[in-house]
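Undergrad: Structure incoming, see below.
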Amino acid sequence: MPAPDYLNPGLPDGLRRVRMPVVAATDAALAGYGLLIDEPYGHRIEIVRWPAQGWRPVDEDSGDEGGTTQGVFVSEWRGDVLYGRNEAVAGHYILAYADEPSRADETHRRPPERMLLWHCNYHPDGGQLFFPLDHAPFLVPLALPGDDVEPEQFVCFRFDGTRGLYIHPNVWHEGVFALAGTQRFFDRQGAVHARVSIDFAREFGCLLEAPLA
């Protein structure tokens, strides 16, 4: 399948909304999804061994040597559109909208009241770490591993900005979401950067919604 057009998703009008529960990010709440972290630079990133092509296994001393890549992830609201920029993998995306996508206006300065999420992905090759550099609250939608995931299974975790998030391999996510303005995060992840995607609009006819207040 072709990769999504992250800067021009071309979403149809009138999509239903699936409201995500917003949950405070605690060690207990994040079990299975990832971990809260206090210090980003020494935290180990899980790297998944390259899968075998047949019945012969990949040698245990190989297949997990791609290492990691790192950089700054910027989450920036421009009016009704939330942009993400990931220097670690040279990525630039529309992460979410604050209004119906066809009505989204990037020129105003009103604070967004909600986020409408159109896409998520997971990385089968390794984990990913986000640590706030600006120490402001932020949101991260997550769902547990499995390709048959449904929109109603996503949970939106709210972080107070004092600690970061480490996401396990295969956990569904879509970057980090500023509540307003611009926020910067230290990002480190597997260098292979394999990506498996969901386009909620086209696959399920919906957008995922969470309040920002």
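Undergrad: For segment 143-167, which residues satisfy the criterion of being over 15 Å from C120 (Cβ atoms) and part of a loop (DSSP other than H, G, I, E, B)?
TA: D160, G161, T162, R163
Undergrad: While we're looking at this one, here's another question. Kindly check whether there is at least one residue in segment 120-135 that is surrounded by fewer than 18 Cβ atoms within 10 Å (Cβ to Cβ), over 14 Å from the mean Cα position of the chain (by Cα), in a loop (DSSP other than H, G, I, E, B) and at positive phi.
TA: Taking every residue of segment 120-135 in turn, at least one turns out to be surrounded by fewer than 18 Cβ atoms within 10 Å (Cβ to Cβ), over 14 Å from the mean Cα position of the chain (by Cα), in a loop (DSSP other than H, G, I, E, B) and at positive phi.
Undergrad: For the subset of segment 171-213 comprising residues that are in a loop (DSSP other than H, G, I, E, B) and more than 18 Å from V89 (Cα to Cα), which member is modelled with the lowest pLDDT?
TA: That would be A213.
Undergrad: Cβ-Cβ distance below 9 Å, separation of 6 or more or different chains: which pairs start in segment 24-42 with a residue that is touching a residue at least 24 places away in the same chain (Cβ under 8 Å) and end on one that is small (G, A, S) and assigned to a loop (DSSP other than H, G, I, E, B)?
TA: Pairs that qualify, where the first residue is touching a residue at least 24 places away in the same chain (Cβ under 8 Å) and the partner is small (G, A, S) and assigned to a loop (DSSP other than H, G, I, E, B), are G34/G127; L36/A25.
Undergrad: What pairs can you find where one residue is in segment 134-146 and closer than 20 Å to R184 by Cα, the other is among the hydroxyl-bearing types (S, T, Y), and their Cβ atoms are less than 8 Å apart, with a gap of 6+ or different chains?
TA: Close Cβ pairs (under 8 Å, with a partner that is among the hydroxyl-bearing types (S, T, Y)) amount to H135/T162; F138/S75; L142/Y33.
Undergrad: Of a type in the set (A, V, I, L, M), under 19 Å from G164 (Cβ atoms) and either out of contact with any Leu (no Cβ under 6 Å at 6 or more places or on another chain) or surrounded by 15 or more Cβ atoms within 10 Å (Cβ to Cβ) (or both): which single residue out of V81, V48, V58, V72 fits that description?
TA: Step by step, each of V81, V48, V58, V72 is checked, and only V72 is of a type in the set (A, V, I, L, M), under 19 Å from G164 (Cβ atoms) and either out of contact with any Leu (no Cβ under 6 Å at 6 or more places or on another chain) or surrounded by 15 or more Cβ atoms within 10 Å (Cβ to Cβ) (or both).
Undergrad: Further question on the same structure: Looking only at segment 10-43, which residues are loosely packed, with under 14 Cβ neighbours inside 10 Å, modelled with pLDDT under 95 and not hydroxyl-bearing (S, T, Y)?
TA: Selection gives G10, P12, D13, G14, E39, G42.
Undergrad: Filter segment 124-164 down to residues that are of a type in the set (A, V, I, L, M) and in contact with a helix residue (DSSP H, G or I) (Cβ under 8 Å, 6 or more places away or on another chain) and give me whichever is nearest to R49 (Cα to Cα). Outline the logic, then answer.
TA: First pass over segment 124-164, keeping only residues of a type in the set (A, V, I, L, M): 129, 133, 136, 139-140, 142-144, 149, 155.
Next, from what is left, pick out any that are in contact with a helix residue (DSSP H, G or I) (Cβ under 8 Å, 6 or more places away or on another chain): 143-144.
Numbers: A143: 22, L144: 20 Å.
The selected residue is L144.
Undergrad: Right, something else. For segment 180-199, give me each residue that is buried (at least 20 other Cβ atoms within 10 Å of the Cβ) and more than 14 Å from the chain's Cα centre (by Cα).
TA: Hits for segment 180-199 are Q183, G190.
Undergrad: Exactly one of these conditions fails for A88: (1) modelled with pLDDT of 95 or more; (2) among the hydrophobic types (A, V, I, L, M, F, W, C); (3) buried (at least 18 other Cβ atoms within 10 Å of the Cβ). Give me its number.
TA: The single condition A88 does not satisfy is (1).
Undergrad: Filter segment 48-73 down to the residues that are free of Cβ contacts under 8 Å to residues at least 12 places away in the same chain and of a type in the set (A, V, I, L, M, F, W, C), then identify the one that is farthest from H123 (Cα to Cα).
TA: Taking the candidates together, the pick is W55.
Undergrad: If you don't mind, another one. Restricting attention to segment 7-23, which residues are under 23 Å from Q153 (Cα atoms), in a loop (DSSP other than H, G, I, E, B) and out of contact with any helix residue (DSSP H, G or I) (no Cβ under 8 Å at 6 or more places or on another chain)?
TA: G14, M20, P21
The values are calculated or read from the model by the stated rules, or taken from the named source; none is laboratory data. Nothing here was measured: the structure is a model prediction, and the numbers come from that model. Reconstructed Cβ throughout: ideal geometry from the backbone, glycine too, with neighbour counts over all protein chains shown.
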